[in-house]
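Note sheet for the following structure.
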Amino acid sequence: MKKKIIVIGGGAAGMMAAGRAAKKGHEVHLYEKNNRLGKKILITGKGRCNLTNDSDVETLLENIPGNPYFLYSAFYHLDSFGLQGFFKDLGLELKVERGRRVFPVSDRSLDVVLALEKYLKQNKVKLHLESPVERILLGNGAVIGIRLKNGREEQADGVIVATGGLSYPATGSTGDGYRFAKAAGHHVTKLYPSLVPLKTAEEWCGRLMGLSLKNISIKILNQKGKKVYEEFGEMLFTHFGVSGPVILSASRHLILTMEEGYRLLIDLKPAMDEKKLDARLLRDFEKYANKDFGNALDDLLPQKLIPVILELSGIDAGKKVNLVTREERKRLCGLLKALPLTITGTSGYNEAVVTCGGVCVDEIDPSTMESKLVKHLHFAGEVLDVDAYTGGFNLQIAFSTGYTAGESICNRE
């Protein structure tokens, strides 16, 4: 039977949920506090929108440190290949890049939003922009509607909460869904900014601001010197520390225990072991034998990085290359293989890609996204206590849980 469904939140999960519920024959109203849909989608992937990862379900689950097996059913309702087909059917051409990351061929995140808006229009979803929701209304163990900030109440047979988390609050992610969940009796786990740039104690990072390093590897060590994370890829220096893909993924391993203290070691030349790197240094030193040491690293390092390496090596920049000792060369080699940084914290929710933590998944039916506490109340997307690494996995979570909620809502009395 046709039911009136309200979806709160016009992001990836909310738009997918609304479109799917409407396609099932329901009357669907989508409420969004912003003046447009998909504001967070527009800034993902540096404005290109990495909308999924071209991987099977098992690979998707392997890239989700936050409650992966809760998502098993949702991913089988809509996996990466199904999602790519969904967008292609809406006329959006896709491409697969390094790391199996999927982007629109146009490299425009706006085209992803436009495709989702087309889906909503096709299925006659009624949009309510600039319509912030104050609370959900409950009665007799079920959700019965919502109250808007302007005081107006709207009755509904079912409600899907897809309000996002706390990351990028400028896009409207201000934790409303956690408040709605708590009011309905749900437990919300402790929240952390995740996939987030890291702050460092060393001031020289600021001097390298904007420098991107490709094909490096990093290790994260705890206070006991034990390796807790290792990855190969790309990173970026910022005015306060480090960012980029390998750093964002590394942050997920640190945020729960950041106060314990961690060290970051950057291997600038991971393709060479110390013996091969030393041989390379010897060749360069032979080539520049009569030059000052400060001018002998141009073939090995980015220009911007050289002054920092010179300073940290303790070798006089004005020293002739042919006078550099074996011990000094060994010290330089060690620095290039393990450039050390002290991690002091994160840059917080303003720069976090996703929120770690959320509505406790033990209280949600994984096959429907329905609350186990309140009938016909569903949750989807980042508001749930699920999160993944970079690479399109978090948007896949949003789309899959949104699809599952929209597919399942009001299927039973």
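Observations
- Across the options Ile136, Tyr119, Ile146, the greatest Cα extent toward the positive end of the charge dipole of region 113-155 (unit charges at beta carbon of Lys, Arg, Asp, Glu) belongs to Tyr119.
- Packing order of peptides 380-390, 301-311, highest average first: 380-390, 301-311 (average count of other Cβ atoms within 10 Å over each peptide's residues).
- Debye, to nearest 20: dipole size of the chain, +1 on Lys, Arg Cβ, -1 on Asp, Glu Cβ: 460 debye
- Counted residue by residue at 0.36 nm each, then reduced by the alpha carbon distance between them, the extension gain from Lys182 to Leu301 reaches 37.6 nm.
- Over all projection directions, the Cα-based convex hull of region 197-347 averages an area of 8.5 nm².
- Across the chain, Cα pairs under 8 Å and at least six residues apart give a relative contact order of 25 percent.
- Net charge of neighbours whose Cβ lies under 11 Å from the Cβ of Leu60, counting Lys and Arg as +1 and Asp and Glu as -1: -4
- Options Thr346, Gly294, Gly244, ranked by Cα towards positive dipole end of region 197-347, top entry (Cβ charges): Gly294
- Extreme residue, positive dipole direction of region 336-413, given options Val359, Ser371, Ile397 (C-beta unit charges): Ile397
- Taken about its Cα centre, region 197-347 carries a charge dipole of roughly 300 debye when the Cβ of each Lys and Arg holds +1 and the Cβ of each Asp and Glu holds -1.
- Once C-alpha pairs closer than 8 Å and six or more residues apart are averaged by separation and normalised to the residue number of region 282-413, the relative contact order reads 17 percent.
- Histogrammed with a bin width of 20 Å, the alpha carbon distances of the chain distribute as 26, 46, 21, 6, 0 percent, first bin at zero.
- Segment Arg36-Ala170, extension gain: residue separation times 0.36 nm, minus the distance between their alpha carbons: 46.9 nm
- Inter-probe distance in nm under a simple model that places probes 7 Å from Cα toward Cβ, at Ile43 and Lys118: 2.7 nm
- Computed magnitude of the charge dipole of region 300-388 (debye, nearest 20; Cβ of K, R +1, Cβ of D, E -1): 1040 debye
- Legend: residue pairs Lys24/Lys121; Lys190/Lys372; Lys40/Lys269; Lys24/Lys149; Lys199/Lys330; Lys95/Lys337, Cα-Cα distance threshold 25 Å; pairs beyond threshold, Lys40/Lys269; Lys24/Lys149; Lys199/Lys330; Lys95/Lys337.
- Scanning residues 5 or more positions from Gly164 or on other chains, those with amide H under 5 Å from its amide H are Glu382, Val383, with H placed 1.01 Å from N in the peptide plane.
- When only alpha carbons are used to place a centre, region 351-413 and region 138-165 end up 17 Å from one another.
- Reachable aspartates and glutamates, given that their alpha-carbon falls under 14 Å from the alpha-carbon of Lys33 and they are not under 8 places away in the same chain: Glu130, Glu134, Asp176
- With contributions of -39500 (n - 2.57) from each DSSP H run of at least four residues, the per-residue ellipticity at 222 nm computed over the chain stands at -8500 deg cm²/dmol.
- Pairwise FRET efficiency - Lys88 versus Gln223, Cβ, R0 = 41 Å, nearest 0.05: 0.25
- Working note: Karplus 6.51/-1.76/1.60 with θ = phi - 60° gives region 242-250 the couplings 9, 8, x, x, 5, 6, 4, 5, 4 Hz, where Gly and Pro are set to x.
- Region 390-401 - phi-based ³J(HN,Hα) in whole Hz, Karplus 6.51/-1.76/1.60, Gly and Pro as x: 6, x, x, 6, 5, 5, 4, 4, 4, 5, 5, 5
- Length released on extending from Lys23 to Lys276, taking residue separation times 0.36 nm less the Cα-Cα span: 85.0 nm
- Label-to-label distance, Val96 versus Thr257, with points set 7 angstrom from Cα along the beta-carbon direction: 3.6 nm.
- Rounded to the nearest whole Hz, the Karplus-based 3J(HN,Hα) values (6.51 cos²θ - 1.76 cosθ + 1.60, θ = phi - 60°) of region 219-228 follow the sequence 10, 10, 10, 7, 5, 8, x, 7, 6, 10, with x at glycine and proline.
- Each of the peptides 205-212, 237-244 was scored by the mean count of other Cβ atoms within 10 Å over its residues; in descending order, highest first, they stand as 237-244, 205-212.
- Taking Thr189, Thr401, Thr346 as the candidate residues, the one with maximal mean-square fluctuation in a Gaussian network model of the chain, Cα springs under 10 Å, is Thr189.
- Between Glu327 and Asn290, the FRET efficiency estimated from the beta carbon spacing at R0 = 22 angstrom works out to 0.55.
- Applying 1/(1 + (r/R0)^6) with r as the Cβ-Cβ distance of Glu130 and Asp56 and R0 = 30 angstrom yields a FRET efficiency of 0.15.
Coordinate-derived values only; no laboratory data. Not measured: the values here are computed from a predicted model. Cβ: placed from backbone, ideal geometry, glycine included. Neighbour counts: every protein chain shown.
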